[in-house]
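Note sheet for the following structure.
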Amino acid sequence: MRTKQMLPVLLMVLVCSSLMFAGTVSGKVTYTGTPAHQKPIDMSKEPSCAKQHPTPITTETVVTGANNALDNVVVYVSAGAPDEGQVPTQAITYTQKGCQYIPHVLPMHVGQEFDIINDDQTSHNIHPLPKVNIEWNKSQPPGTPPIKEKYDKPEFIEVKCNIHPWMHGYFAVLKTSHYDISKEAGDFKLPNLPAGKYTITAWHEKYGTQTADVTITGNETKDVNFTFKATPY
Amino acid sequence: MNSLKPMRCISASLFTATPGCTTLGTAILGLILAAAFTVPASAQDAPDVGPLRPVVVKPMESHIGNLIGHSTSDNAKYDYRRFCAGCHGVAGDGNGENAVWLDPKPRDFTIATFKCRSTLTGTLPTDEDLFNTIGRGIANSNMPVWNTISHQERADLVAYIKIFSPRWEHEKAGTPITVPPEPPVTIESISHGKALFTKLECWKCHGPHGEGDGPSASTLTDSKDNPIRPYNFAIAGNDSRFKCGSTNQDIYKIFMTGVDGTPMPSFADVIQPNDAWDLVHFLRTLQVHRHSKENEVLRAAHGVIPPYVEQKTSSLAPVAPADNKTSGGGQ
């Protein structure tokens, strides 16, 4: 009885201490060189989507920000992550809206359930193209419930809609939940890392991967920056 | 080997009047024809198929009714090399020596993705599915009808293609979907099927008249990035077959389970079983040159498919979007 009462307290202490002494890895992802020109997407074949974009959107293969910032880069702990095998229970969503995937890259933990939502007035088919995981291809007409899926093995999976060939996205299935996506300014942050040695990997759908080794000794913030060499083609 | 000389004689006689050849040629041709049925197997072999090397293969099994196929049987090893490897490759990766010339490409058994399944998308097909595919061949592709080899040999081949992917060791085949008995064809079922065809946007690829010319048709690629065409219903003749069969039950299974490895998705989660039959009935009317009960019903209705009016008793789940009021499907 007594141990049972003590348990929450013990847990609190554990959680607090781990948070107090947790380090953070943060930094910026940038590029050098000339990135590929992103082409405007012609959605005239799908008027219900076209009208959602008064100015045509462009492809998202390479998205950049000011000061050579590179967006949509998945930065994650590829070795040493303390949470490997701990599958998060919170649901994550991948939305099809305006014949676009939101987000363009969806990171997730191996085995984590995610919902695919169709917010459009048109049918989509969700056709991820894994090489390691199992391939499936499902139709999702408007108004149908979310498709619930998960992947068993770590992999970067291209996602396509065959009906709307301009729709391209990625699932980043990782062995950890210590991940972030570089945003407009190219910045990322991986908090809550206990003391230890880590390998941080940055993955970009066009420019591949880069890694950096970091050692966290306590309650500190380590700066790690990644620079990708952009190619125009 | 003594057949070489007469062969040369026959081919020569086709172009020039080689003395002694023309008369001899016919006799020898008859001899060769007769020999084709009597010579031992080794003499019929393709040049690259010699005696079986002692290959060690993973012991896999297949179960089709009472038949049990074994990957380790001589049947399996011999037949695979003799009949399958030319296209599917010795390693089962779909890169046989003929593969470069083929479109669509031969299946890659190493990823265990199969087009013709009675099971849900992403799952392994049943042994029976594979057995039927071998026996039926695949229409509009280079996969022939292998009804010349015995059922036991086919079962052995089903077991043999399992050695190429580890999935067969870790996973069970999917559960076949339930196909309810087919309701009678009526003009109403055809009309509802047409509404579904519009609502589910089958026409985006297959075209408004099923001619394979929808707005997305020209952009389609299979999962290995090879261009691929959507099925053209309109050119189907009386003896036409789909890739995965020719009966109404087969069409039902094709769109419900999807054609894995191609752009054709699965609709099992979005079409109710009875609605699916209505769609089947409509699809048959797209095959305008084919004699079918669906086309008879349509002819009796003077060739006009009335617009679908949703009934309260319909088994349909609610359909959300306002601009699709006339159609059903979805849940």
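Details
- Reported count of residues in the stretch B:154-177, each being of a type in the set (V, I, T), assigned by TED's automatic domain parsing to the domain that holds B:N66 and surrounded by fewer than 19 Cβ atoms within 10 Å (Cβ to Cβ), is 0.
- Number of residues in the stretch B:230-241 that are buried (at least 21 other Cβ atoms within 10 Å of the Cβ) and either under 11 Å from the mean Cα position of the chain (by Cα) or assigned by TED's automatic domain parsing to the domain that holds B:N142 (or both) equals 0.
- Of the residues making up the stretch B:178-210, those that are surrounded by fewer than 18 Cβ atoms within 10 Å (Cβ to Cβ) and either part of a loop (DSSP other than H, G, I, E, B) or of a type in the set (D, E, K, R) (or both) are B:T178, B:V179, B:P180, B:P181, B:E182, B:P183, B:P184, B:T186, B:E188, B:P208, B:H209.
- Residue in the stretch B:104-126 that is of a type in the set (F, W, Y), touching a His at 6+ places or on another chain (Cβ under 9 Å) and modelled with pLDDT of 90 or more present: yes
- Residue in the stretch A:165-180 that is small (G, A, S), more than 10 Å from chain B (Cβ to nearest Cβ) and in a loop (DSSP other than H, G, I, E, B) present: yes
- Filter result for B:I138 (more than 25 Å from B:N226 (Cβ to Cβ) and surrounded by 16 or more Cβ atoms within 10 Å (Cβ to Cβ)): no
- Among the residues here, B:H151 qualifies as surrounded by fewer than 19 Cβ atoms within 10 Å (Cβ to Cβ), of a type outside the set (D, E, K, R) and modelled with pLDDT of 95 or more.
- Each residue in the stretch A:127-153 was checked for being over 12 Å from B:D269 (Cα atoms), more than 9 Å from chain B (Cβ to nearest Cβ) and surrounded by fewer than 16 Cβ atoms within 10 Å (Cβ to Cβ), and 4 of them qualify.
- Scan the stretch B:31-74 for residues that are surrounded by 10 or more Cβ atoms within 10 Å (Cβ to Cβ) and modelled with pLDDT of 90 or more and the total you get is 16.
- Residue list for the stretch A:90-122, restricted to those being more than 14 Å from every other protein chain (Cβ to nearest Cβ), in contact (Cβ under 8 Å) with a residue 24 or more places away in the chain and part of a loop (DSSP other than H, G, I, E, B): A:A91, A:G98, A:P103, A:H104, A:V110, A:G111, A:Q112, A:E113
- Which listed residue is out of contact with any strand residue (DSSP E or B) (no Cβ under 6 Å at 6 or more places or on another chain), assigned to a strand (DSSP E or B) and in the same structural domain as A:Y31 (by TED's automatic domain parsing), from A:N219, A:N192: A:N192
The values are calculated or read from the model by the stated rules, or taken from the named source; none is laboratory data. Keep in mind that what you see is a predicted model, and the values were worked out from it rather than measured. So basically every Cβ, Gly included, is an ideal-geometry build from the backbone, and we count neighbours across all protein chains shown.
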